[in-house]
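Right, one structure below, let's go through it.
The values are calculated or read from the model by the stated rules, or taken from the named source; none is laboratory data. Keep in mind that what you see is a predicted model, and the values were worked out from it rather than measured. Note that each Cβ is placed from the backbone with ideal geometry, even for glycine, and that neighbours are counted across all protein chains shown.
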Amino acid sequence: MKKWTEIAVGPHTTLFETMKIIDESSLQFAIVIDEQQHMLGTVTDGDIRRSILRGEGLEVEIQHVMNRKPFVEKSGQKHRDYLKLMKQKQIKQLPIVDEYNRIVNVIFSSHQTTNTDPNNIVILMAGGLGTRLRPLTDNIPKPMLHIGNKPILETIIDGFKQYGFANFILSVNYKKEIIQDYFQDGSAFDVSISYVEEEKRMGTAGALSLLTKKPSGPVFVMNGDLLTQVNFEQLLQFHQETNAIATMCVREFEYHIPYGVIEIDGPQLTSIKEKPVNRNFVNAGIYVLSPEVFDLIPQNEFYDMPDLFKQLMDKGEIVSAFPIREYWLDIGQIDDFERANSDYREQVK
């Protein structure tokens, strides 16, 4: 069976069904065709996440989400010529159509490996006090609490390793020697690890000013108390595709108002919404920052990441939101810690 037939969907396929096809395929790509196999459009992970940001819902038909004008080529050329063109255009997939715009093949770049560019540093914020998790954190830093059979921080590092990222900087403070003694230079974990030490509380962005060298490529920054199955390669690609100077991962959060909410116009009641559900995107504690962002971070001062993003937006810079649709859990309180261990037990059954 040709690879492209496994990733072909019809125009009325739902976003949710298409998302499953993309996730289950190593190709991270889908094509939309009609019953006669005419090419209608393409769908990437980025298209799906932009649809989520627009609030279109998982039941929307994929024809409303797809890229209707993808880059395609006519059949009849040599395979090496297609690959050369893809390299020039910096594209990973190239649909091939006949003279009637019917799909005959999809060529995939031979460079489908994960991104292992050493310029893509991963900075993990592991210096928090973990006050809300006491007494668990009385004698151990929060990122070193075990979920299953390993510390949270090791699970995070494993998640990045899965996508080829192996250059880490850990920002440490509280009980720092426990973290440093465990990970050392990272060689035992097949990664490279160095440290910046916060002598005082510096916020989620202030510690970035302690780096001895300005990064030369996009940098991941992540809180050291998160569990997630985010595809970090897709996150980096999204950051680059949107030409963003900074990208913030966001998570949809919903809350129920247990009352009838009224709307008024002056003294007149205009509507009643009974126990509505409000949905908002919230900061998920994972970021990608381009090198030029580091010039804006004040030296040796307390500075939180939301303040940095506000500064960038005030300057008119391109700042993107990357919606997380994968598993994500912020281990902020005892209930979260217990839930994380419960989730782990479910996964290993």
Subset of the range 221-256 [over 24 Å from Glu317 (Cβ atoms) and assigned to a strand (DSSP E or B)]: Leu226, Leu227, Thr228, Glu252, Phe253, Glu254, Tyr255, His256
Restricting the range 186-216 to residues that are among the hydroxyl-bearing types (Ser, Thr, Tyr) and out of contact with any Leu (no Cβ under 7 Å at 6 or more places or on another chain), the residue that is farthest from Asn173 (Cα to Cα): Ser216
Leading residue by the ranking (nearest to the chain's Cα centre (by Cα)) among those in the range 312-349 that are assigned to a loop (DSSP other than H, G, I, E, B) and surrounded by 16 or more Cβ atoms within 10 Å (Cβ to Cβ): Ile324
Test for Phe309: is it more than 26 Å from Arg54 (Cβ to Cβ) and either in a helix (DSSP H, G or I) or among the small types (Gly, Ala, Ser) (or both): no
For Gln234: the one exception among (1) under 22 Å from Pro306 (Cα atoms); (2) modelled with pLDDT under 90; (3) within 15 Å of the chain's Cα centre (by Cα): (1)
Meets criteria (within 22 Å of Asp23 (Cβ to Cβ) and at pLDDT below 85) for Ile52: no
Residues satisfying the stated conditions in the range 257-294, i.e. in contact (Cβ under 8 Å) with a residue 60 or more places away in the chain, touching a Lys or Arg at 6+ places or on another chain (Cβ under 8 Å) and not in a strand (DSSP E or B): Pro291, Phe294
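Let's see how each residue does on (1) farther than 16 Å from Val122 by Cβ; (2) among the charged types (D, E, K, R):
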site: Gly217; (1), (2): no, no
site: Gln234; (1), (2): no, no
site: Arg251; (1), (2): yes, yes
site: His256; (1), (2): yes, no
site: Val261; (1), (2): yes, no
site: Ser271; (1), (2): yes, no
Count - residues of the range 310-349 that are modelled with pLDDT under 85 and among the hydroxyl-bearing types (Ser, Thr, Tyr): 2
Filtered residues of the range 176-230 (kept if exposed (fewer than 15 other Cβ atoms within 10 Å of the Cβ) and of a type in the set (A, V, I, L, M, F, W, C)): Ala188
Of the criteria (1) over 24 Å from Leu15 (Cβ atoms); (2) free of Cβ contacts under 8 Å to residues at least 60 places away in the same chain; (3) surrounded by fewer than 17 Cβ atoms within 10 Å (Cβ to Cβ), which one Phe253 fails: (1)
Residue, surrounded by the most Cβ atoms within 10 Å (Cβ to Cβ), within the range 1-40, restricted to residues that are in contact with a Pro (Cβ under 9 Å, 6 or more places away or on another chain) and either under 13 Å from Glu61 (Cα atoms) or of a type in the set (A, V, I, L, M, F, W, C) (or both): Val32
